[in-house]
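Derivation of every value follows stated rules applied to the coordinates shown; laboratory data play no part. Bear in mind that the values here come from a model prediction, so they are computed numbers and not experimental data. In this analysis, Cβ positions are derived from the backbone assuming ideal geometry, glycine residues included, and neighbour counts consider all displayed protein chains.
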Amino acid sequence: MKIKVQDYNDVTVVELQGELDGDVAGLFQNTITDIVTKRKTGIVLDMSGVGFIDSSGLEQLLWSRDYCNENRREMRLAGLDENCMRILEITRLMNEFDHYAELTEAVRSFA
């Protein structure tokens with residue numbers, strides 16, 4: 001998994017490439033924690049490069065959502081492919097996240 005972070009004014013985009021699984025849990029949590037401590041308004045997880053999410057990855061998404069909420073930050077998902085959408089639907093987690101088809105749409109939602 002590769003993680004690339006870019007700031008757009010008060011929103012940080014976290015571009016994920018690869019599989020969201022237990023192998024990246026520490027790196028993923030550190031990335032989210034660092035962003036939240038910088039006092040950014042929101043985080044958009046660009047999921048367009050993620051083809052698979054396992055149970056550990058789902059836990060990371062839920063942890064991120066909860067951590068952002070606890071710190072009065074908002075998190076959005078963008079660019080989910082069919083497979084990842086299906087995983088979120090099957091696990092009944094789709095409604096737990098604000099999600100957008102396009103990255104630009106998700107970033108603009110903070111305006």
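Positive contributions from Lys and Arg (+1) and negative ones from Asp and Glu (-1), summed over other residues with Cβ under 15 Å from the Cβ of residue 37, come out at +1.
For the chain, the 222 nm mean residue ellipticity estimated from helices alone, with every DSSP H stretch of n ≥ 4 adding -39500 (n - 2.57) and the total spread over all residues, rounds to -12000 deg cm²/dmol. Using DSSP, restrict attention to beta bridges with both residues in the chain and report what percent are antiparallel, rounded to the nearest 5. If I count the DSSP bridges inside the chain, around 30 percent turn out antiparallel.
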